[in-house]
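Heads up, the thing below is written out as structure tokens.
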Amino acid sequence: MKVTHKPILLVEDDQVFTMAVTRAFRELQVPNQIVYRENGEEALNFLGDENGDRPCIILLDLDMPIMNGIEFLQAVKKDERLRPIPVVVMTTSDDQQDKVNSFDLGVAGYMPKPLGYGQFVQVMRSIDTYWTISEMP
């Protein structure tokens, strides 16, 4: 993600996880601003701002209030302006149907939330490395 300085959108209602993402990206020296939204509805409002930068990637939890991750994905993938933004699901859900639904809706990846902080930093490093070398349309 270092190639582009567009924001990273984190759609997550867990404040502890949000702080862990911030800390991990700081440790990895990822320069992108992290924009937080607590549910899918707030994230769609952010994405609908014509004057705002489109994020380079969306990190998405599935289990959220108001509008969950699957509902958010359905809305994003129906919108031709938003459809190209890569979405990586990061969730505690181990429900196989959540995985199937997520990939059916075109996610770029599906990762369980790691239990330990060291493992979590490794996951964030992997995401950063992949999207740093991946070319976007």
> Calculated from DSSP H runs of 4 or more alone, at -39500 (n - 2.57) each and per residue, what is the 222 nm mean residue ellipticity of the chain, nearest 500?
Replying inline: -12500 deg cm²/dmol
> How high is the relative contact order of region 26-80, in percent, counting Cα pairs under 8 Å that sit 6 or more residues apart?
Replying inline: 38 percent
> What's the local net charge at Gln122, with K and R +1, D and E -1, over the other residues with C-beta under 13 Å away?
Replying inline: 0
> If you add up the charges near Glu12, with Lys and Arg at +1 and Asp and Glu at -1, over every other residue whose beta carbon is less than 9 angstrom from its beta carbon, what do you get?
Replying inline: -3
> Under 15 Å from a point 7 Å along the Cα-to-Cβ line of Met111: which residues of region 48-78 have their amide N that close?
Replying inline: 57-62
> Counting pairs of alpha carbon atoms under 8 Å apart in space and at least six apart in sequence, what relative contact order in percent does the chain give?
Replying inline: 26 percent
> Going highest first, how would you order 8-20, 75-87, 44-56 by mean Cβ packing within 10 Å?
Replying inline: 8-20, 75-87, 44-56
> Taking 0.36 nm per residue of separation and subtracting the Cα-Cα distance, what length does fully extending Phe103 through Asn51 add?
Replying inline: 15.7 nm
> Which net charge results for the neighbourhood of Gly52, defined as the other residues with beta-carbon distances under 15 angstrom from its beta-carbon, given Lys and Arg at +1 and Asp and Glu at -1?
Replying inline: -1
> Size of the chain along its principal axes in angstrom, Cα-based, largest extent first?
Replying inline: 35, 34, 25
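Each reported figure results from applying straightforward, stated rules to the coordinates on display, with no laboratory input. Quick caveat: nothing in here was measured; it's all calculated off a predicted structure. With ideal geometry, Cβ positions are generated from the backbone for all residues, glycine too; neighbour counts draw on all protein chains shown.
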